[in-house]
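The values are calculated or read from the model by the stated rules, or taken from the named source; none is laboratory data. Because the structure is a prediction, the values reported are computed rather than measured. Virtual Cβ from ideal backbone geometry, glycine too; neighbours counted across all protein chains shown. For the accessible areas, the whole protein counts, side chains as well, though only heavy atoms, and no ligand, DNA or RNA atoms are used. Shrake-Rupley method; radii C 1.70, N 1.55, O 1.52, S 1.80 Å.
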Amino acid sequence: MVTKLFKHEVAALGRVLLPVQGILLGIAVLCRLLQLFEWDHAIYDIVFGSSVFFLVVANLVSLFMVTAMGVVRFYKNLFTAEGYLSFTLPVTPAQHIFVKFTAAFLFQVIGICVSLLSVCIATAGEVLVELLKAAHYLLNELFKVVEEHLFLYLLEIILLVSISFMCGMLLYYTCIAIGQLARKNRILAAVGVYFGYYAVAQIIGTVMSVLLSVFYELLPFEAISNFIEQHPIGFVHILLCGGIILSLIMAGIYFFITHIIIRKRLNLE
Amino acid sequence: MKTYLRALCLSCIALLLCLPLTGCDSLDEARTTHGIWDENGNILLNEETYLLLPECDYLQPQFSDYTGVYVTESDVPVLLKGAMGEFLFHSDDKIFLSPQYSSTYYCRADHYEEVTQQIRNGFTPTGYCYSYSVFDEETFEYSTSVYHLTDAQVHALSAVLATVEPVYQPAVVTLDFDYMAEIMACGDDLYFRQYACDVLCINGYYYVAQYTQTDTLLYEVPLEHHTAFHALMKTQRTIYEEELSYWDEEESL
């Protein structure tokens, strides 16, 4: 049942997102076709510059829409009239949440691949070859510095980005779940919860910074900076793995809160 | 209908396949300013080799518009030339390359023998000149040109230095002049130049200045040579008067 639910979720997201990504690829093709008429004149510069601008905007819109559609699908499917049908399915709330953010994650990956493809199309030809040469050269230079750790770094960065995206989606789900506890203006309440969370996070961050600067001498900063100096590669691993663990913990917290609210405090319209 | 649609699809595919074959003007332009170090420390640029010249104090080719090239190792791609390469100025005639803030010069292979021979033979000036910069209001760029002194002007300059008794001023004293020209002894091709003296205009009077470590020697130009110096400094005077009128306009606004 979970597989079927996932397929339906992917199909529903695809109905909206795939045309958007098709338009993005179309803009990339137009951008490339424009370069066939390359001309040393201000008119060409303006037109080409505009096409690049539109391509960039289209990329941003495409990536933004994945998050937006993921959030909208979650809300409509579980907290509006559609929820009456959704919760009659033989699927637990945890599975509902899991399917939603997994489908959104899949389309985020697709969205990133389509963005990269659009850049490749827009630069097809000598420019793309030179871009790939530059990327290859930079990776080689990085490999000379960090050697075999490069592959681990790439893996850790991919994991961190993926988990951060899931964490972000789960945060939006949590805000929506908390927002629906309100009797009226649930969407507004969800937005309020998000900004409240952001404000609290900023306050905690500021307080931590002040405490760190006040109690600077009590903390082993010198030992930490010595460690960074002697083990720079290891320090980057610690940072990345620390980020992954922190994101996992936060994602777990958001998942737990969302799950509890859906299971015990669901109040459909 | 199906045939037409098939033909249209095939045309689109063919067009897309042709796209990789098209070049890019910006990339071609970037390649013209991308040089490569070879194994001997010479520079390969636009299929020309530039060889390192021996050091020479009076080798001063003209680098007027500050255009240059980036020189990198052979494995650096053209898009990274700015980040990974060393910037070298290209002379006006594209024969010399020189790093910033350096008196090192690389000469194009076809002129290398001629220039090294001149360096070995020593510098024999055949005339005098000075450089001046003009601001182009349309392009908002400065361009540097060279003014060659005429025989009469060279004669007047030599006469002043030979016959006039200089006034000694301490080197720490700053001369407040209206405009000036740095006179260089030069060869015919302007590659070799050696500082000769400065010509200053102070309140409408001309002076020739030479400098030692401790003093400034000021030679006041006598009236009989005033016409020659007036013609010599015409370009600098024009630039000075244009700047004065510009600032007067700015102040009046």
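Counting only C-alpha contacts under 8 Å and six or more residues apart, can you give the relative contact order of chain A as a whole percent?
On the way: 200 pairs, mean separation 68.1, N = 269.
25 percent.
For chain A, the Kirkwood estimate of hydrodynamic radius, built from reciprocal distances between every pair of different alpha carbons, is 22.2 Å. Output the pairs from A:100/A:264; A:4/A:184; A:100/A:133; A:7/B:2; A:144/B:94 with a Cα-Cα distance over 28 Å in this structure; if there are none, say none. Among A:100/A:264; A:4/A:184; A:100/A:133; A:7/B:2; A:144/B:94, the Cα-Cα distance tops 28 Å for A:4/A:184; A:100/A:133; A:7/B:2; A:144/B:94.
At what distance in nm do the modelled label points of residue A:216 and residue A:44 sit from each other, each positioned 7 Å from its Cα along Cα→Cβ? For residue A:216 paired with residue A:44, the spin-label model returns 5.7 nm. Taking every full run of DSSP H in chain A, the ones that stretch at least 27 Å from end to end by Cα along their long axis and average 1.0 or higher on the Kyte-Doolittle scale are A:2-34, A:42-79, A:93-122, A:149-179, A:186-214, A:232-264. Each 5 Å bin, from zero up to the one with the longest distance, holds this percent of the alpha carbon pairs of region B:139-253: 2, 10, 18, 21, 18, 15, 9, 4, 2, 0.
Magnitude of the charge dipole for region A:158-269, about its Cα centre and with charges confined to Cβ atoms of Lys, Arg (+1) and Asp, Glu (-1), is about 900 debye. Over region B:122-218, accessible surface divided per residue gives 57 Å², non-protein components excluded, 1.4 Å probe. Taking a sphere under 10 Å around the Cβ of residue B:146 and counting the other residues whose Cβ falls inside, with K and R at +1 and D and E at -1, yields a net charge of 0.
Projecting the Cα positions of A:174, A:131, A:157 onto the charge dipole of region A:130-196 (unit charges on Cβ atoms of Lys, Arg, Asp and Glu, taken about the Cα centre) puts A:174 furthest along the positive direction.
Where a ≥ b ≥ c are the square roots of the eigenvalues of the C-alpha gyration tensor, would you call region A:148-269 rounded, which needs a/c under 1.5, or, failing that, prolate if a/b is larger than b/c, or oblate? Mind showing how you got there, number by number?
Numbers: a/c = 3.66, a/b = 1.74, b/c = 2.10.
Oblate.
Accessible area of residue A:88 (1.4 Å probe, protein heavy atoms only, ligands and nucleic acids ignored): about 100 Å². Short-range pairs are left out: with C-alpha atoms under 8 Å and at least six residues apart, the relative contact order of region B:106-204 is 28 percent. Computed from backbone phi with θ = phi - 60° and the Karplus coefficients 6.51, -1.76 and 1.60, the 3J(HN,Hα) list for region B:150-165 is 7, 4, 5, 5, 5, 4, 4, 4, 4, 5, 4, 5, 7, 9, 8, 7 Hz; x is used for glycine and proline. Amide hydrogen proximity for residue B:211: with H placed 1.01 Å from N in the peptide plane, the residues at 5 or more positions away or on another chain lying under 5 Å are B:217.
Given a 1.4 Å probe and heavy atoms of the protein chains only, how would you sort B:134, B:164, largest accessible area at the top?
Details: B:134 60, B:164 30 Å².
Descending accessible area places them as B:134, B:164.
Can you give the relative contact order of chain B as a percent, counting alpha carbon pairs under 8 Å and 6+ residues apart?
Working: 378 pairs, mean separation 35.2, N = 253.
It rounds to 14 percent for chain B.
Dipole of the protein assembly as shown computed with +1 at Lys/Arg Cβ and -1 at Asp/Glu Cβ about the Cα centre; of B:59, B:162, A:41, farthest Cα towards the positive end is A:41. Only protein heavy atoms count here; on that basis, with a 1.4 Å probe, residue B:74 has an accessible area of about 90 Å². By the gyration tensor of its Cα atoms, with a ≥ b ≥ c the square roots of the eigenvalues, what is the shape of region A:200-267: rounded for a/c under 1.5, prolate for a/b over b/c, or oblate? Since a/c reaches 1.5 but b/c is at least a/b, the shape of region A:200-267 is classed as oblate. Across the protein assembly as shown, the fraction of Cα-Cα pairs farther apart than 33 Å, rounded to a whole number, is 67%. Accessible surface for residue A:112 stands near 80 Å², nearest 10, in the context of the full protein assembly shown (1.4 Å probe).
Remind me, what semi-axes does chain B give for its equivalent ellipsoid, largest first in whole Å, using sqrt of 5 times each Cα gyration tensor eigenvalue?
On the way: eigenvalues 508, 134, 48 Å².
Ellipsoid semi-axes (Å, largest first): 50, 26, 15.
Projecting the Cα atoms of A:28, B:197, A:242 onto the dipole axis of the protein assembly as shown, where Lys and Arg carry +1 and Asp and Glu carry -1 at the beta carbon, places A:242 farthest toward the positive end. The charge dipole of the protein assembly as shown, taken about its Cα centre with unit charges on the Cβ of Lys, Arg, Asp and Glu (plus for the first two, minus for the last two), comes to roughly 6120 debye. Within the listed set B:75, B:93, B:57, the Gaussian network model of chain B (springs between alpha-carbon atoms below 10 Å) gives the highest mean-square fluctuation for B:75.
Cα gyration tensor of region A:1-129, axes a ≥ b ≥ c as square roots of the eigenvalues: rounded (a/c below 1.5), prolate (a/b > b/c) or oblate?
Details: a/c = 4.34, a/b = 3.04, b/c = 1.43.
Judged from the Cα gyration tensor, region A:1-129 comes out prolate (a/c at least 1.5, a/b above b/c).
Accessible surface of region B:145-217, 1.4 Å probe: 53 percent of it comes from carbon and sulfur atoms. For the pair B and A, the buried accessible area comes to roughly 1500 Å² in total, with a 1.4 Å probe and the value rounded to the nearest 100.
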